[in-house]
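The values are calculated or read from the model by the stated rules, or taken from the named source; none is laboratory data. Predicted model only: the values in this text are computed from it and were never measured. When we count neighbours, we look across all protein chains shown, and the Cβ atoms used for this are built from the backbone with ideal geometry, even at glycine. These area figures cover heavy atoms from the full protein model, side chains too; ligands, DNA and RNA do not enter into them. Shrake-Rupley method; radii C 1.70, N 1.55, O 1.52, S 1.80 Å.
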Amino acid sequence: MPQISFLSPLALLLLALIPLLWLPALVAPRRTARWRQVASLALRTAIMLALILGIAGAQLTFPASAITTIFLLDRSDSVGDSQRAQQEQYVDQALQRQRAGDRTGIVVFGKNALVEHAPGDLSALGRLASAPVGARTSLPDAIQLGMALFPNDTQKRLVLLSDGGNNLGTVGEAAQLARLGKIPIDVVNLPADVGQDVLVRRIDTPGSARLGQEISVTAQIESSYATRGSVQVFVDGQLALSQEREIPQGQSSISFQLPAGAAGYRKIDVQVQAQGDATSQNNRTATFTEIKGPPRLLIVAAEPDKAESLRAALEAGGAQPVVSDPSHAPTELAQLSEYAAVILFDTRARDLPHALMENIPTYVRELGGGFAMIGGQHSFGAGGYRRTAIAPILPVELDPVDTMMRPDVALTMVIDHSGSMAEASGSGTRTKLDLAKEAVYQASLGLTPQDQIGLVVFDDMARWVLPLQQMPDTTAIEQALSTFDPDGGTDILPGMQLAAGAMQQSQAKIRHVILLTDGLADDNYAQLVQQMNAQGVTISTVALGDDANPNLEGIAKQGGGRYYQVRSAQQIPNIFLQETVIIAGRDLIDRDFTPMLALSSAALRGITSFPTLRGYNGTELKSSARTILVTDDSKPLLAQEQVGLGRTVAWASDLDGRWSAQLLRWDAFPRFMAGFIDMLVPPQGDTGLTLEASAQGDQVVLTARAQDASGQPVPNLAVSGNLLAPQDQQSQSQPGQKLTFTQVGAGEYRATAPAHDIGVYLAQVAAVDAQGAPAGTAKGGVVMSYSPEYGQQRANPSLLADIARATAGRVDPPADTAYERLAQPFSAVYELGITLLLLAFALLPLDIAVRRVFIPLRSLVPARQRAAAPQPIPAMARLGQAKQRAQARVATPEPPQAAAPQAAAPQPRPAPQAAPRPAPTKPAPKPQGGAAMSDEQFARLLAAKKRARDSEKK
């Protein structure tokens, strides 16, 4: 039976107001007809009742008779094709037993859960369109998504079809939520069909080894059958060992001895290829080992030959430097972690691979790597490093506060975007215009926030795409560059006219125009260039290709600027940045000075005087950094900063001989560079700290061991660190996971972290003693080579049984019982509040009409009927006819008598003559149709009289 309930029962107290509504009607004298009074009171009572019930949230509740069944289908990698066919067959059989009103939902899941079919009508499963990530199995996500899909007005049941191999999330919490919601979970176990399988469980290696030692490598293998196979060992991607081995059934281990190789972090990879193996995804795994020795330093130089002096000095200082040009430099974090530090040697920002630029900050902050930038013509601000990912970690500011009050800059670029600029540049796919746009962006990197920038483009006409303004943010520049494409001819004059007008209004002390074109055009703007130069505006020109206007060189001379003949469009961005640096005159300072000691540092190894340098890169002191050497005008020359777990160093002069010729010939230069290494690479301390990392299931287990110089364990250290998962290495916004180690033995500390993704996990840890003094650092890593879906335990039937037991569900129920009714307290609820409120508003006009509106009955007669002549009453019609006949006799004279015959006849005696009768009065003339008018008059008279009687009755 339906029941009525209320969301706000207290609102029913307002029903006490209804008698107060009746009181005036019962007491006050009646002024209207009785029926009107009664009808109005009834309507008002209904309105008040509807309003009160609506405010109270009235609702009707019916026991739920239909059921919603949601099937949760496991589509992870551990579920094979035969198991998936079982799922589809089970669901199709269940659908045949649906009743009218029942609903069906389908959720497919792996690492994530997706809605394949929202609850509703479904006659057959059909082909599944959703494809979840199969590398993991998350039963909790599937259960929670299924629960969220249930409607409120039906009974509820979840049917889970899986092998039970959950490896992501906690199932118990999801099952508890289902139990609290009184939702049973029926489970259908899909037995795993693995077949013959050989897998590499893990690799055991020492966390570290000394240079020249051998590394002991042990591979833990598990096989479901006895077989034979090839075991291969790779070190840093190179095959180091290959052997044929017998592989017994069950668990076994295979050990190898490998040479340690060069200092740094070695990635050791073991792969097994066994006969009869049905699953190849789990045949390989890897780990890392640190080879103790001189620190390996990576030098990235656009011109490697110029870095030879630096390489030799670092090698003399005890390091192992490796020089690479930008195109061949390692870019991934796992590759960078093999080096103790990365040094950029006079290399433009645009020449660095994007991945290397983005990964260097993470390498420093999270992995404890060192980073140094060496000055020169293409470094710091002159190299376009403003507003890059590297700029924030430098120990200097790239926008210096100029102590000589160098003027601000207004730069306007006038760019040809005619149709010829659509030609491809060289063998690549980038067009000339693409490189011109990049050149504009590069030029912006040479400007500071107080400078001005503008961009004019021209073909047959010219327009501003970035009006001359104070330096906007990067987004505004990129948006402006996206607003034009190659089109039209070439007419330079309109573009130069726009630039001249803006420059004339600019208040900047340095005003410069860069003109770029690739075609022939009239030189009708030469006089304009002379006028601009006379007003203090300089003009440089860039001629792209051999077909460019030969007069451009003369224009540059007239404008007081420089002329560039460019045959490769690839050079354009560098030229624009170079032009900006030259005109600003603040990033490259060419003058002799002697470095001055600003802060005493052990890294200088007692050096207090330095040879003369002939120039430096203009930068500014950074408050969070340690500035050790400065120029004679207090600009930073050598600075260091702690950034996260790593260190950064800036040397703001060159080391290729242009400014530093005397320094490179200096006897103490090798000792100076040895101190440079100390500043860059964190010290190991007196405590030997090693780190071992291994993958166990879906976790990374890290074990740190601390020993003193005599090999004794060091207890009571505070060990912490950071772990970078694969997804953390792809994004600057992911800082990695903090690690807190717990002491589990003498000098042994352990931490665990979840490992949900396949790939390399990199860890950096540091230890401090009770006094807070550094006790050592260590790096490590582990590789999750394959998903737990291919691990030792893929199926877990007992977990499925636990889920069913916890939620009062069933284990392996027949398909035709999926829609059986349940004794659940679920009901179908119909809200009445809105309906009652609408009813109240609908009755209100009717109440007003009953009390206020009087409608004469005559008005109810249609107008066309009122206009027609009324039908004459029969009695009145007869009376009218008689009257007409009488009037006709009076008005008609008697005819004359005929003459008497000739024969005489006796004369009758005359009757006595009556008194003379007066002649009747002649009636007034009637209108034509008088009889009809008389009938109408009588009918109207009777109708009026009847209306009067009706009014009296009221």
Compute the distance from the alpha-carbon center of the stretch 784-837 to that of the stretch 430-487, in whole Å. 59 Å
Please list K557, K945, K635, K292 in order of solvent-accessible area, largest first, computed with a 1.4 Å probe with all protein chains present. K557, K945, K292, K635
Residue among S694, M471, P713 farthest towards the positive dipole end of the chain, charges placed on Cβ: M471
Skip the ligands, DNA and RNA, and give the accessible area per residue of the chain with a 1.4 Å probe, whole Å². 49 Å²
Residue-ordered couplings for the stretch 365-372, obtained by feeding phi - 60° into the Karplus form 6.51 cos²θ - 1.76 cosθ + 1.60 and rounding to whole Hz (Gly and Pro as x), are 5, 9, 9, x, x, x, 9, 9
With all protein chains present, calculate the accessible area of F826 using a 1.4 Å probe and round the result to the nearest 10 Å². 40 Å²
Ordering 660-667, 315-322, 756-763 by per-residue average of other C-beta atoms within 10 angstrom, highest first, gives 756-763, 315-322, 660-667
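Per DSSP H run of at least 4 residues, take -39500 (n - 2.57); add these up for the chain, divide by its residues and hand me the 222 nm value, nearest 500 deg cm²/dmol. Display every interim value, and only then the final one.
Values: 21 runs with 251 residues, N = 954.
Counting only the DSSP helices, I get -8000 deg cm²/dmol.
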Taking amide H atoms as placed 1.01 Å from N in the peptide plane, list the residues 5 or more away in sequence, or in a different chain, whose amide H sits under 5 Å from that of G261. G212
Which of the peptides 134-144, 213-223 is most tightly packed, and how do the rest follow, judged by the mean count of other Cβ atoms within 10 Å per residue? 134-144, 213-223
Whose amide H sits under 5 Å from the amide H of D102, counting only residues 5 or more places off or on another chain, with H placed in the peptide plane? I67
With +1 on the Cβ of every Lys and Arg and -1 on the Cβ of every Asp and Glu, the dipole magnitude of the chain about its Cα centre, in debye rounded to the nearest 20, is 9640 debye
Sorting R348, R365 on solvent-accessible surface, 1.4 Å probe, most exposed first, gives R365, R348
Let a ≥ b ≥ c be the square roots of the eigenvalues of the Cα gyration tensor of the stretch 199-292; is it rounded (a/c under 1.5), or, if not, prolate (a/b larger than b/c) or oblate? prolate
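Find the percent of Cα-Cα distances in the stretch 490-617 that exceed 18 Å, and round it to a whole number.
Of all Cα-Cα pairs in the stretch 490-617, 62 percent lie more than 18 Å apart.
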Relative contact order computed over the stretch 688-790 (Cα-Cα under 8 Å; 6+ residues apart), in percent: 32 percent
Helix 81-95: angle to the longest alpha-carbon principal axis of the chain, degrees 0 to 90, nearest 10? 20 degrees
In a shell of Cβ-Cβ distance under 10 Å around D416, excluding D416 itself, what net charge do Lys and Arg (+1) and Asp and Glu (-1) give? -2
Leaving out ligands, DNA and RNA, and with a 1.4 Å probe, what % of the accessible surface on the chain is carbon or sulfur? 54 percent
What are the extents of the Cα atoms of the chain along their three principal axes, listed from largest to smallest and rounded to whole Å? 196, 91, 60
Report the full-extension gain for the segment T32 to V853: residue separation times 0.36 nm, less the Cα-Cα distance, to one decimal in nm. 294.4 nm
Expressed as a whole-number percentage, the relative contact order of the chain with C-alpha contacts under 8 angstrom and at least six residues apart is 14 percent
Derived scalar couplings ³J(HN,Hα) [the stretch 292-308; Karplus, 6.51 cos²θ - 1.76 cosθ + 1.60; whole Hz; x for Gly, Pro]: 6, x, x, x, 8, 10, 9, 9, 9, 10, 5, 10, x, 4, 6, 8, 5
Select from G212, L258, I247 the residue farthest towards the positive end of the dipole of the stretch 199-292; place +1 on Cβ of Lys and Arg, -1 on Cβ of Asp and Glu, and compute about the Cα centre. G212
Could you sort R127, R885 by accessible area so the largest value comes first, with the probe set to 1.4 Å? R127, R885
Long-range amide H partners of A341 with built H, under 5 Å: L298, G370
Give a residue-ordered list of calculated ³J(HN,Hα) values for the stretch 36-42 (Karplus: 6.51 cos²θ - 1.76 cosθ + 1.60, θ = phi - 60°; whole Hz; x for Gly, Pro). 5, 4, 5, 5, 5, 5, 5
